[in-house]
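Have a look at this one before I ask anything.
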Amino acid sequence: MRQPGIAAANNRTEIVTVLSISPLEPDHTLLESIIRHSRWSLFKADSLASALSILRRHEISVVLCERDLQPGRWTDILDHLRELDRPPALIVTSRLADERLWAEALNLGAWDVLAKPFDQREVIHGIRIAWQHRRDRMRIPLQAMSVAS
C-alpha cells in the first residue's frame, strides 16, 4: 500500500531523490522504512564529505540534514548546496527542533525543519512539498528563457 502523499509526487515523470545526511544510523533506517513503499530513492551519508560525494554523482531533489554533523553543522551543507546549478531543497532535522532553529533555518535558506523522532506523515509531507517547490523553482528560468526567445 502506498503512503499518503507519495503517490501524488510520483504521478509525474520525475523521480524524487532524497539524501539523508546524519551520523546517526537510526535516522537513515527510519527514513528508509517511511519511504520504502514509494518510488522515491534514498541516498545516505554519515558525514559532510560523504554527502558532497553523493551530490557530485547524483541529481538530488531534497536533502534532509541533521542539525549537528560530526564535524560541522547543517549550515555547512547549505553553503555547498548554494554552489550547485540545480540545488536541492534542504530540510534540517533535529531532536531539538525549537522555534530558534526553525527561524534560523528558514532565514538562512533551508526549506523546513523536521523534529525527531520522525513522524511518518510529516516526513512524507515535508519531502513532497520541498520537492514540488524545487521542481517549480527549476521550471521558472526555463519558462523565462522560452518567452524571451
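Using DSSP to call loops (not H, G, I, E or B), can you name the trypsin sites (Lys or Arg not before Pro) in the range 87-123 whose Cβ has at most 12 other Cβ atoms within 10 angstrom?
Qualifying residues, ordered by number: ARG95.
Could you tally the net charge around HIS125, taking each other residue with its Cβ under 13 Å from the Cβ of HIS125, Lys/Arg +1 and Asp/Glu -1?
Its environment carries a net charge of -1.
Name all residues of the range 44-75 having a backbone nitrogen under 11 Å from the label point set 7 Å from the Cα of MET138 along its Cα→Cβ direction, giving them as ranges.
Residues 59-62 qualify, since their backbone N sits under 11 Å from the label point.
Please give the length that would be gained between GLU32 and HIS125 if that part of the chain were fully extended, namely 0.36 nm times their separation in residues minus their C-alpha to C-alpha distance (nm, one decimal). Don't skip to the answer; put the middle values down first.
On the way: separation 93, 0.36 × 93 = 33.48 nm, distance 1.53 nm.
The span from GLU32 to HIS125 would gain 32.0 nm if fully extended.
In addition: Please report the net charge: other residues with Cβ closer than 14 Å to the Cβ of GLU83, K and R +1, D and E -1.
Working: positive: ARG56, ARG82, ARG86; negative: ASP76, ASP79, ASP85.
Charge balance in the 14 Å sphere: 0.
FYI, it's all coordinate maths here, none of it is from the lab. Model, not experiment: these values are computed from the prediction. So basically every Cβ, Gly included, is an ideal-geometry build from the backbone, and we count neighbours across all protein chains shown.
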